[in-house]
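The values are calculated or read from the model by the stated rules, or taken from the named source; none is laboratory data. Everything numeric here is computed off the predicted structure, so don't read it as measured data. Using ideal geometry, Cβ is built from the backbone for each residue, glycine included, and neighbour counts are taken over all protein chains shown. Each accessible area value is taken on the protein alone, full model and side chains, heavy atoms only, with ligands, DNA and RNA left out. Shrake-Rupley method; radii C 1.70, N 1.55, O 1.52, S 1.80 Å.
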Amino acid sequence: MSDTGGAGDAGRRGEDRSGDDSGIGAQGVHAAHGARGAHEIRGAAPGRAPVPLSVLDLVTVGSGSTAHASLRTSVDIARLAESRGYHRHWVAEHHSMPGVASSSPAVILAHLAAHTSRIRLGSGGVMLPNHAPLAIAEQFGTLEALAPGRIDLGLGRAPGTDGQTAAALRGPGRRDEAVDEFPRQLAELIRFLDDDFPDGHPYARVHAVPGPVQGPAGRPPVWLLGSSGFSARLAGGLGLPFAYAHHFSPAGTLPALDLYRQSFRPSAVLDAPYAVIGVAALAADTAAEARAQVLTGALAMLRLRSGRPGLVPTPEEAAAYPYTPLEREFVDDRLASVVHGTPDEVTAGLDDLAKRTGADELMLTANAHAGEARLRSYALVADAYGMPVLDA
C-alpha cells in the first residue's frame, strides 16, 4: 500500500479482467495454506479503537536527515507499536525515490524482527513483477525462520517506481508488460512457498529454502494489495486477505471493497472476507502543528508527480513554497484525504472511516518531515484510544 501507488494496482492494464486467472484457483489456495488460517490475519481492536490498528511504514527521509536516521526511527516506531497493541507493522517497496528508504523490505523486516518480539511484520508490499518468485519465496522463508509466526507477505503488481527504474530492476528481456503476468507469478510463488509443484513441472525439483523441503515449517500468509479492482477481485476469488490503498486512491475505496466482498470465496485461509485499508493519518498536539507536518508530505508528493523527487521538505519550506493555483489544488486535494489534527480529531476521523468503509483493520501511515513527528503521532493515537501499555 505504498504512498506512490507502488503497492497497489497502479499500471491499470487488466483492471476489467474477471474470474480466477491465477492458475491456482480456490483449491490451490486451500492446499497452499493448509491449516494456517485466520488466526494469523485477524487482529483484536485495542482499547476504544473501532477495529485493529496497524502501521504502514514508508521509511521517509526528511531534508537534513539520512536513511540511517529514518531506519532508526522505523525501529522506534515498531517498538512503540508493539508496546501499545498495534497489530502489525508493514514496510512498502519503493525504488529511486530520494525521500523514501524502503527499497529492500525483506532486509528492513529482518532488522525490525531483531528488535521486536510480538508484533506482526510484513510487506505492504513486495512488488512481485520486479522479482523472481523463487527469490521472494526464499527471502520470506528466511524471515519466517527468523521470526516464526510473525511474518506477512503482502504482494502488489505495480513497479513501485517509474518505468525506467522498473526496467533497470528487471533486467534485459523483461518488459514492463510483466505486470500483467501477476496471476501467473502469484501461482508460482505459492507453489515455491509450499514446495508442491506437480510431478513433471519444470520446477518440480527446485526448492525454496528455508522451506518445507527441510521439514515441517510455517510460512507467511499471502495478502494481495491494490488500488483498483483487479487485485480486489483476485483476492476475493482466492479467499485471501486484501489491503486497499485508501491513502492515495480514496475515491476507489468503496467500489474495491465491494468487489472484494462480492468476489470472495471461502478458503482454508479465511471463511469470510478480511479487508485492511491504508490510511494517511497524523496526530499532533495542536491542529496547526499537524497541518504543518502533513503539508511536507503533500509537497513531497507534488514534486514526485512533477518529476522532481527529493527529500521530504521541512515544514518551513512547505509553508513558504510558492504554489501555483494548480499546485495548490493538488495539495488541497491531497490533504483532504489525510486524517490529521489533534488526537481527538484524528480518532474521530478514523472512527468515521471505519464505519463508512466497513474495513476490518486500519493501517496508519504517518508521513511527515521529522521522524519524531511520526513516532509521536502513533503514540498520541494510542493514548487517545486508551490502548494499553504492554510489557516490553
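Overview of results
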item	result
Simple spin-label estimate for ALA168 and THR324 in nanometres, 7 Å along Cα-Cβ	2.7 nm
Distant-in-sequence amide H partners of GLY122 (H built 1.01 Å from N, under 5 Å)	HIS89, TRP90, VAL91, ASP152
Solvent-accessible area, 1.4 Å probe, carbon plus sulfur percent, for the chain	54 percent
Where trypsin sites (Lys or Arg not before Pro) in DSSP loops with at most 16 other Cβ within 10 Å are excluded, longest remaining stretch of the chain	206-392
With all protein chains modelled, accessible area of ASP199 [1.4 Å, Å²]	150 Å²
Ranking by accessible area, most exposed first, for PHE248, PHE140 with a 1.4 Å probe	PHE248, PHE140
Using a Förster distance of 25 Å, the FRET efficiency for ASP76-ARG48 (Cβ separation, nearest 0.05)	0.55
Rg and Dmax [Cα atoms of the range 328-392; Å; Rg one decimal, Dmax integer]	13.3, 46
Helix axis angle, 371-384 relative to the chain longest principal axis, alpha carbon, degrees	90 degrees
Cα-based convex hull volume of the range 68-158 per residue, rounded to whole Å³	90 Å³
FRET efficiency, ARG308 to ALA272 (Cβ-Cβ, R0 30 Å, nearest 0.05)	0.10
Rounded FRET efficiency, nearest 0.05, which uses the C-beta distance separating LEU146 from ARG261 and R0 of 35 Å	0.55
Vicinal HN-Hα couplings computed from phi for the range 71-82 (Karplus, 6.51 cos²θ - 1.76 cosθ + 1.60; Hz; Gly/Pro x)	5, 4, 4, 4, 5, 4, 5, 4, 5, 5, 4, 5
Nearest-ten-degree value, helix 182-194 long axis tilted from longest Cα axis of the chain	70 degrees
Long-range amide H partners of MET387 with built H, under 5 Å	ARG48
Per residue accessible area of the chain, 1.4 Å probe, in Å²	38 Å²
Crossing angle, helix 105-114 versus the chain [Cα axis fit, 0-90 degrees, rounded to tens]	80 degrees
Spin-label model distance (nm) - ALA135 vs ARG184, 7 Å beyond Cα toward Cβ	1.8 nm
Where a label projected 7 Å from the Cα of ALA348 along Cα→Cβ would reach, residues of the range 259-287 with amide N under 14 Å	287
Cα-projected label distance for GLU317 with VAL209, points at 7 Å along beta-carbon direction, nm	4.8 nm
Principal axes of the range 41-194: Cα extent on each, largest first, Å	50, 43, 29
Cα gyration tensor, the range 95-144 - rounded (a/c under 1.5), prolate or oblate	oblate
In Å², nearest 10: area of PHE264 left accessible to a 1.4 Å probe	30 Å²
The range 332-351 versus the range 88-118: alpha-carbon centroid distance in Å	25 Å
Computed [θ] at 222 nm, deg cm²/dmol, the chain (DSSP H ≥ 4; -39,500 (n - 2.57); rounded to nearest 500)	-12500 deg cm²/dmol
Equivalent ellipsoid semi-axes - Cα gyration tensor, the range 231-281, angstrom	20, 11, 7
Charged-residue dipole, Cβ positions (Lys, Arg, Asp, Glu), the chain about Cα centre, Debye nearest 20	320 debye
Accessible surface of SER96 - all protein chains present, 1.4 Å probe, nearest 10 Å²	80 Å²
Rg(Cα)/(2.2 N^0.38 Å) for the range 223-333, N = residue count	1.37
